[in-house]
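Please treat every number below as a calculation from the coordinates, not as lab data. Because the structure is a prediction, the values reported are computed rather than measured. Here the Cβ is made from the backbone with ideal geometry for all residues, glycine too, and neighbour counts use every protein chain on show.
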Amino acid sequence: MAIQLNLSAIAVAGQAAWRRAKPVVLRDVVILPAIGFLGIIVLWWIVALANHELMPTPPEALVANLDYILNPFYERGPGNLGIGWLLLASLRRVLLGFLLGAVVAIPLGFLIGMSRPAMLALNPIIQIFKPVSPLAWLPIALAIFNLAEPSAIFVIFITSLWPTIINTALGVSSVSKDYIDVAKVLEMPRWRQITKIIWPASLPYIFTGLRISLGIAWLVIVAVEMLTGGIGIGFFVWDEWSRLNLSSVFLAVLVIGLTGLLLDWAVGKVEELVTHRPRTSN
């Protein structure tokens, strides 16, 4: 009987807490974001009305893009593909370059964070190449590979290196020296120190670097595809602009933004699964 009363009390308290929190959740999750999106649409509408010869209004853009929206994976001949296929082609390039970059950057970050000679040797190289625009690597990549596809992946690879290297090295070097001293007292092997102490403590920094790298990579692929052509969301933007079809450009901008948001969310979920703690919102 006492257990039933306790359960009833917990249920009542939970319902009361939800009733108090519901207006706040509704405001923060639904109302305020909706106001923000509505403001963007209103601004777009005003600008479109002021330059209506070239720029469509939101309803006109929606009608013009219905075929892309309702049939994103159509195939109507060579090069005539739905926006879904173009998005997948861009995602494939980004993920390949990003994963290759992570495979190289994380070990390098560990090496720099754990070894002062390695840091002194590699830090000048990182500081020189880090500010270089990713698109500056594209002519070099084209000269090496002589093909657009591997060149685009190479540019993404280079782009993905620096944030992950820097954040990984920062995470490794930030591990408390007391933990390392205790491990030495216990005569813990070096590999075990890395796997049991340094790696878990560095994970938040590593995932921060990965998130930054993936975000930059997704930005860069659009510009790279504009220059190299072929199949991809970036070339779609350039091709539609060449035809003065701004309705499709607006659709591509929305798709690119939503995809970037989903990529960041996915990395955040992986971080939660690996570190076993909720990700703090930015």
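The figures follow:
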| read-out | value |
| --- | --- |
| For segment 90-187, alpha-carbon Rg relative to the globular expectation (2.2 N^0.38 Å, N residues) | 1.32 |
| Pairwise centroid distance, computed over Cα atoms, of segment 135-193 with segment 204-282, Å | 21 Å |
| The chain: C-alpha pair distances exceeding 23 Å, % | 67 percent |
| Overall dimensions of segment 152-282 by Cα: Rg and Dmax, Å | 20.1, 70 |
| Per residue convex hull volume, Cα atoms of segment 179-241, in Å³ | 101 Å³ |
| Distance histogram in 5 Å bins (all Cα pairs of segment 50-139, percent per bin) | 3, 10, 10, 13, 12, 10, 10, 9, 7, 7, 6, 3, 0 |
| Pairwise FRET efficiency - PHE145 versus VAL103, Cβ, R0 = 22 Å, nearest 0.05 | 0.70 |
| Distance in nm between pseudo-label sites at ASN80 and TRP45 (7 Å out along the Cβ direction from Cα) | 3.5 nm |
| Computed magnitude of the charge dipole of the chain (debye, nearest 20; Cβ of K, R +1, Cβ of D, E -1) | 1100 debye |
| Axial C-alpha extent at least 30 Å, average Kyte-Doolittle at least -1.0 - helices from the chain (DSSP) | 2-26, 83-114, 148-173, 199-228, 246-275 |
| Unit charges at the beta carbon, dipole of the chain: most positive-side option, GLY215, MET226, TYR179 | TYR179 |
| Cβ-derived FRET efficiency at R0 30 Å, THR259 paired with ALA201, nearest 0.05 | 0.40 |
| FRET efficiency, ARG92 to ALA266 (Cβ-Cβ, R0 22 Å, nearest 0.05) | 0.90 |
| Positive-end extreme of charge dipole, segment 30-187 - chosen from LEU49, ILE31, ILE128 (charges on Cβ) | ILE128 |
